[in-house]
Every structure is written in C-alpha cells, then in structure tokens.
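The values are calculated or read from the model by the stated rules, or taken from the named source; none is laboratory data. Small disclaimer: the values here were computed from a predicted structure and weren't measured. No Cβ is skipped: glycine too gets one built from the backbone with ideal geometry, and neighbour counts run over all protein chains shown. Keep in mind that these areas ignore ligands, DNA and RNA; they rest on the heavy atoms of the full protein, side chains included. Shrake-Rupley method; radii C 1.70, N 1.55, O 1.52, S 1.80 Å.
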Amino acid sequence: MPDTSTLRLPADAAGIARAADLLRDGKLVAFPTETVYGLGADARDDAAVAAIYEAKGRPSFNPLIVHVPSIEHAKELVHWSGTAENIAQAFWPGPLTLVLPIREDAGISDRVTAGLSTLAVRLPAAPLARDLLTAFGGPLAGPSANRSGRISPTTADHVLSSLDGRIAAVLDGGPCPVGLESTILGLAGRPTLLRPGGISAEQLSEALGHPVMRRQEREAISAPGQTASHYAPRARMRLNAAEWREGEARLGFGDVDCDLNLSPAGDLDEAASNLFAHLHQLDAAGAEVIAVAPIPHVGAGIAINDRLSRAAAPR
Ligand code: TXA
Ligand code: MG
C-alpha cells in the first residue's frame, strides 16, 4: 500500500508552480479541465507514463490522451492536416480530442499510444489546465483521474476518493463545468466520431461540411477505452425508469419527485455537468440500485446516454 498521502494544491500561482515542479520530477498530478479531472504525467517520460497505468489499474493496451499547451505544440506531435486545422480553429481550446497519425520525431513515450500509429491530442479550455500546461511547457498524458472502469471525477474530492496515496498531488480547481469527457474525433482516415461528448456530432458535421461517420459498435475497437462496461458505480443501474420502485435511489431529470435531480428545469447541459457528481453521491450513500429517469436522446443527451449505458452494462 502507498504510504504517503496526496497533496491538495490550491488553484493559485504557487499551486500551479508546485504542480509543474512535481510533473518535471516525473510525479503524477491530477488537474481540472473543463470536462473532468485528468491524471497528468510527462508524456515523454516512460516511467511517469507507466505510473499512470499503475495508479489507475488501467490495462496497458488502452492508450492515453495527450494535453498540449497550444496548437503549435500539437503540430510537433502529430501529422497535421487541413481538416485538423479547420476543426481545431472551430473547437480548440475546448472539449474535443483529435486522433491523428503520430510523428516519428514526436518524442512521446510508446506507452502513451499502446502501440498504435496514432496519437490522441487535446487543447483544453479550462484556465487552470492551460496555466499548468504553460508552466510545465510540454505534453501531459492525462486520462481521467479515476481507477480504471470507475466513474470519472468532476471534483478534487472524487479524485482523492479513488487515488489518495497513489498520486503525488491534485490541483483543486473546484467542479468541472462540462462534466463529461471530451468528444473524440478520429482524423487518421475519414473523420469518425469515436466517443460522443461535449461537442456534438451535428457541430462537427457542420464544421466539416459533411456528416461525420459514427463508429460502428461491432467494428474493431478504435477507441480502445470504449468497452461496453465503463464509468461503473458500485450500485447496479436501472435506466429509462418510467416509474420508481421500492428501495431504489432515484436519479431524476425534469419536473419529477426523486432523491437527486440532474436538472429540475430539464436542461441537458446542466444534466451533463451533474451526471458523474450525482452518481458519485448516490454510490457513496450506499445505494444498491440507482434508477435513472429517461434522458432525451438529443444534444448533450447523446453523450449522457452513452455514459449511462456503459455504467449499466454487465461487468
Ligand atoms: O475529457 C477528456 O477527454 C478527459 C480529460 C482529462 O482530458 N480525458 C479522458 O481520458 O477522458 P481517458 O483516458 O479516460 O479516455 C481517453 C479515451 C480512451 O477511451 C482511449 O482508448 C481513447 O481515448 N484513445 C486514446 N488514444 C487513442 C488513439 N490513438 N486512438 C483512439 N482512441 C484513443
Ligand atoms: Mg476515463
């Protein structure tokens, strides 16, 4: 068992400087982005990247996203394209990850890509993430800062509840506003939506000038983390609950009587930003079954339903 506990660093200049020092020293530091908290490590440092897999209990075949401080920095890591430029101009910084062919001279640890010839890159919008990336001055590998297969963290407390003692520090920037992980767009071939998230398929299609392809469920897994069971709370999940049953923890949406409500006003963006925090809370309260009201399958509802169906999948 790890014998040191994790530092909670404040969201100020001193906290950022300390976090950057720890990262330069090969340590793991969790940091807030606009989507969820990421578990940062120097993406060029083999040992630091190996420590991410170890701390998360993540299978070594599941590659990591690399966060960069600027578009210029992304271009040093991957073979950029006209499409990548259009999309990055439209949505970066923001909750979108681009998968592109990795450059031979990228200098990224092989463990980051898990043997793939592509690299997932992301320029986050959250000011604290940007400040940390600028202070660190290099690429940060950053999966969500949770134990593998569990619910992603949207607060520093969530991070500590699963990784305390396993990582050097967490930079505490309060709750993440988007609340769901970034959309992943594959640009190594025809533009393909690999994971729904904060930027919708419609927004991508509009910027591309043609409909984005959807990844087929049966296709060889091209975003390897997209296995059926993921984001799992300890409790069992019952989705599309039209009525409540005795003894269940009731997660509502809209104008309903329930234990916790994703959005009393029926706002899907608000529901997305509350989803993981509410699941964490009901789980921590010891619920055996979490019943979830139907979520409309439009806009942010598509990403919400994606995460809910993975949380409910057989394990
Ligand atoms: O919002 C986010 O994307 C957060 C924040 C911290 O940036 N990060 C995040 O990372 O969600 P993670 O590791 O939990 O999910 C990354 C997903 C995984 O499903 C992984 O398999 C996929 O990205 N991925 C990484 N590299 C890939 C690649 N080269 N090709 C296809 N999928 C890739
Ligand atoms: Mg994750």
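Taking the listed residues ALA90, ALA48, ALA41, ALA19, the one that is open to solvent by 10 Å² or more (accessible area, probe 1.4 Å) and of a type in the set (Gly, Ala, Ser) is ALA90, with no other qualifying.
Can you tell me which residues in segment 43-67 are more than 16 Å from ligand 2 (Cβ to nearest atom) and touching a Lys or Arg at 6+ places or on another chain (Cβ under 7 Å)? ASP46, ALA50 - these are the residues of segment 43-67 that are more than 16 Å from ligand 2 (Cβ to nearest atom) and touching a Lys or Arg at 6+ places or on another chain (Cβ under 7 Å).
Given the criteria open to solvent by less than 10 Å² (accessible area, probe 1.4 Å) and of a type in the set (Phe, Trp, Tyr), does TYR53 qualify? No, not satisfied.
Among what's in segment 136-146 and is assigned to a loop (DSSP other than H, G, I, E, B) and away from ligand 1 (no atom under 11 Å from the Cβ), pick the residue that is most open to solvent (accessible area, probe 1.4 Å).
Let us first name the residues in segment 136-146 that are assigned to a loop (DSSP other than H, G, I, E, B), namely 137-139, 142-143, 145-146.
So of that shortlist, the ones also away from ligand 1 (no atom under 11 Å from the Cβ) come out as 137-139.
Working: GLY137: 47, GLY138: 0, PRO139: 3 Å².
Only one residue tops the list, namely GLY137.
If you check GLY254 against the conditions, is it modelled with pLDDT of 95 or more and assigned to a loop (DSSP other than H, G, I, E, B)?
Numbers: modelled with pLDDT of 95 or more: yes; assigned to a loop (DSSP other than H, G, I, E, B): yes.
Here the answer is yes, as GLY254 does meet what is asked.
Report yes if GLU34 is more than 19 Å from the chain's Cα centre (by Cα) and of a type in the set (Asp, Glu), otherwise no. Write out each step before concluding.
On the way: more than 19 Å from the chain's Cα centre (by Cα): no; of a type in the set (Asp, Glu): yes.
For GLU34, the condition - more than 19 Å from the chain's Cα centre (by Cα) and of a type in the set (Asp, Glu) - is not met.
Annotation note: of SER205, SER109, SER161, SER152, the sole residue that is within 9 Å of ligand 1 (Cβ to nearest atom) and of a type outside the set (A, V, I, L, M, F, W, C) is SER152.
Quick one: is ALA129 closer than 21 Å to CYS176 by Cα and in contact (Cβ under 8 Å) with a residue 12 or more places away in the chain? Spelling it out, ALA129 is indeed closer than 21 Å to CYS176 by Cα and in contact (Cβ under 8 Å) with a residue 12 or more places away in the chain.
Can you pull out every residue in segment 73-82 that is touching a residue at least 12 places away in the same chain (Cβ under 8 Å) and away from ligand 1 (no atom under 11 Å from the Cβ)? Walk me through how you get there before you give the answer.
Of the residues in segment 73-82, the ones touching a residue at least 12 places away in the same chain (Cβ under 8 Å) are 73-74, 76-81.
Across segment 73-82, the qualifying residues are HIS73, ALA74, GLU76, LEU77, HIS79, TRP80, SER81.
When the residues of segment 102-115 are narrowed to those that are without any contact (Cβ under 8 Å) to a residue 60 or more places away in the chain and in a loop (DSSP other than H, G, I, E, B), which ends up nearest to GLY189 (Cα to Cα)? Reasoning before the result, please.
So in segment 102-115, the residues without any contact (Cβ under 8 Å) to a residue 60 or more places away in the chain come out as 102-106, 113, 115.
Next, from what is left, pick out any that are in a loop (DSSP other than H, G, I, E, B): 103-106, 115.
Values: ARG103: 16, GLU104: 18, ASP105: 21, ALA106: 20, GLY115: 18 Å.
That would be ARG103.
How many residues does segment 25-72 contain that are outside any loop (DSSP other than H, G, I, E, B) and either within 15 Å of ligand 1 (Cβ to nearest atom) or touching a helix residue (DSSP H, G or I) at 6+ places or on another chain (Cβ under 7 Å) (or both)? Adding up the residues that qualify gives 23. Taking the criterion of being among the charged types (D, E, K, R) and touching a Pro at 6+ places or on another chain (Cβ under 8 Å), the residues of segment 1-57 that qualify are GLU34, ASP42, ARG44, LYS56. The listed residues are LEU133, LEU119, and the only one of them that is surrounded by 22 or more Cβ atoms within 10 Å (Cβ to Cβ), in a helix (DSSP H, G or I) and away from ligand 2 (no atom under 16 Å from the Cβ) turns out to be LEU133. Considering segment 152-201, and only residues there that are touching a Pro at 6+ places or on another chain (Cβ under 9 Å) and of a type in the set (Asp, Glu), the residue that is most open to solvent (accessible area, probe 1.4 Å) turns out to be ASP164.
Of LEU268, LEU279, which residue is free of Cβ contacts under 8 Å to residues at least 40 places away in the same chain and either buried (at least 16 other Cβ atoms within 10 Å of the Cβ) or under 21 Å from LEU160 (Cβ atoms) (or both)? I'd like the intermediate steps shown before the answer.
Working: LEU279 fails: free of Cβ contacts under 8 Å to residues at least 40 places away in the same chain.
Matching residue, one of LEU268, LEU279: LEU268.
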